[in-house]
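Below: the structure, in structure tokens.
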Amino acid sequence: MTRKKHTMLIAGASGVVGAAAVEHFASLPDWEVLALSRRASPLPQGVRHVPLDLTDAAACVSAAAGLGHVTHVMFAALYELPELVAGWRDPQQMAVNEAMLRNLLDALQPAAKGLRHITLMQGTKAYGGHVEPAPVPAKERWPRHPHANFYWLQEDLLRDRQPHAGWTFTVLRPQLIFGLAIGSPMNIVAAIGAYAALQREQGLGLDFPGGGRYINAASDSRLIARAAEFAATHEIAANETYNVVNGDALVWQDLWAGIAQRFGMEAGAAQPLALTESMPAQEAAWARIVARHGLRALTLEQLIGSSWQFTDRALAHGVADPADSVLSPIKLRQHGFAACEDTEDSLHFWLERMQAERLLPR
């Protein structure tokens, strides 16, 4: 078989970002795709799974023997502690995430002599929004927010090595990612869909469980994948950082009626509810939903993971007057990437996709 022009190694291929990137690069004629993850997941035809625990340095060295033809890396692997929000400032979590990238680099650099580009994922926390409100819109040109964060550890690792290497790198910063993954710690689409199904199971309307209104934004995982392709193939992106957002704005209360309609429900009232506390007790109700609708045999815990915590935060549960959170998309556009997504359409695309794959009921 003739080797393709580029070989993309996607680390974290079973996550929300990684899964979309696998699908995107597998659809391109000149790209071979290697999907690196600890657990196997369904992959497009022609994509090879690389089973690997990135915290195991010796295993990385062993696996690198079969990765010598890799030309590009998209590093979307992520380690999160069970207490999601607390973990964002936990030194152990930071150290593990740095070690995962270091282990892969240490193994891959000697083996993949043709490595040309690395895409590194960050996010909104780069602007310190989990520490204090960030100015709107957040821009890549600002100095680093002075808080400990594994983003800086990983980025500094790349910046230290890049001047002596044959590869460049690009940092992508999406916000509130919409996509499909099972057991992801930050999949708000799955959490909202499961919450709607459970409300309907009890004969209730789709009450809004969050807090006050605020302006937010989102990033479709398909858009992130296209931005990763841009970064990997355009010299202007070398050693740059880009926000990657859909390009419009998001207020959850204004999308709520449309979500209710998708599930054949009435939009309920604003009824604050801590999903993290209430939803794990709904396993029996979820099992009935799975059986009635012929869904894939997954428990709520298997499907949602820590995403209840993430969704409580994204919907501003318990916060009467949340601070707006918006990332500027201008730099990426000025550098030549003009793609965008309608956030409401994006949300419904991924809800529909999860319904079509029998992860959520219609």
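The values are calculated or read from the model by the stated rules, or taken from the named source; none is laboratory data. Keep in mind that what you see is a predicted model, and the values were worked out from it rather than measured. Neighbour counts run over all protein chains shown; Cβ positions are idealised from the backbone, glycine included.
Residue 145: surrounded by fewer than 17 Cβ atoms within 10 Å (Cβ to Cβ), at negative phi and assigned by TED's automatic domain parsing to the domain that holds residue 73, yes or no? Spell out the reasoning first.
On the way: surrounded by fewer than 17 Cβ atoms within 10 Å (Cβ to Cβ): no; at negative phi: yes; assigned by TED's automatic domain parsing to the domain that holds residue 73: yes.
So residue 145 does not fit the description; no.
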Residue count for the range 58-113, restricted to those that are in a loop (DSSP other than H, G, I, E, B) and closer than 30 Å to residue 312 by Cβ: 11
How about the range 36-52: which of its residues are surrounded by 13 or more Cβ atoms within 10 Å (Cβ to Cβ) and assigned to a loop (DSSP other than H, G, I, E, B)? 38, 41, 43, 44, 47, 52
For a quick check of your reading of the model, give me the residue pairs whose first member lies in the range 278-300 and is closer than 13 Å to residue 200 by Cα, whose second is of a type in the set (Asp, Glu), with beta-carbon atoms closer than 8 Å and at least 6 apart or on different chains. 285/201; 288/201; 289/201
I'm checking my understanding of the structure. Among residues of the range 114-133 that are touching a strand residue (DSSP E or B) at 6+ places or on another chain (Cβ under 7 Å) and among the small types (Gly, Ala, Ser), which one is farthest from residue 152 (Cα to Cα)? 123
Kindly establish whether residue 192 is part of a helix (DSSP H, G or I), among the β-branched types (Val, Ile, Thr) and crowded, with 16+ Cβ neighbours inside 10 Å. yes
Identify the residue in the range 19-35 that is more than 18 Å from residue 116 (Cβ to Cβ) and assigned to a loop (DSSP other than H, G, I, E, B) and, among all such residues, is farthest from the chain's Cα centre (by Cα). 29
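Among the small types (Gly, Ala, Ser), in contact (Cβ under 8 Å) with a residue 24 or more places away in the chain, under 27 Å from residue 332 (Cβ atoms) and assigned by TED's automatic domain parsing to the domain that holds residue 227: is that true of residue 128 in this structure?
Values: among the small types (Gly, Ala, Ser): yes; in contact (Cβ under 8 Å) with a residue 24 or more places away in the chain: no; under 27 Å from residue 332 (Cβ atoms): yes; assigned by TED's automatic domain parsing to the domain that holds residue 227: yes.
For residue 128, the condition - among the small types (Gly, Ala, Ser), in contact (Cβ under 8 Å) with a residue 24 or more places away in the chain, under 27 Å from residue 332 (Cβ atoms) and assigned by TED's automatic domain parsing to the domain that holds residue 227 - is not met.
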Return yes when residue 68 is touching a residue at least 40 places away in the same chain (Cβ under 8 Å), surrounded by 12 or more Cβ atoms within 10 Å (Cβ to Cβ) and at positive phi and no when it is not. no
Members of the range 147-189 that are over 28 Å from residue 310 (Cα atoms) and among the aromatic types (Phe, Trp, Tyr): 167, 169
Looking only at helices (runs of 4 or more DSSP H) that fall completely inside the range 305-362, which ones have 3 or more residues that are buried (at least 22 other Cβ atoms within 10 Å of the Cβ) and not assigned by TED's automatic domain parsing to the domain that holds residue 20? 307-314, 343-356
List the residue pairs whose Cβ atoms are under 9 Å apart, where the first residue sits in the range 88-104 and is touching a residue at least 12 places away in the same chain (Cβ under 8 Å), the second is among the basic types (Lys, Arg) and assigned to a helix (DSSP H, G or I), and the two are 6 or more positions apart or on different chains. 88/125
Unique residue being touching a residue at least 12 places away in the same chain (Cβ under 8 Å), out of contact with any Lys or Arg (no Cβ under 8 Å at 6 or more places or on another chain), in a loop (DSSP other than H, G, I, E, B) and of a type outside the set (Lys, Arg) when the list is 203, 258, 264, 210: 210
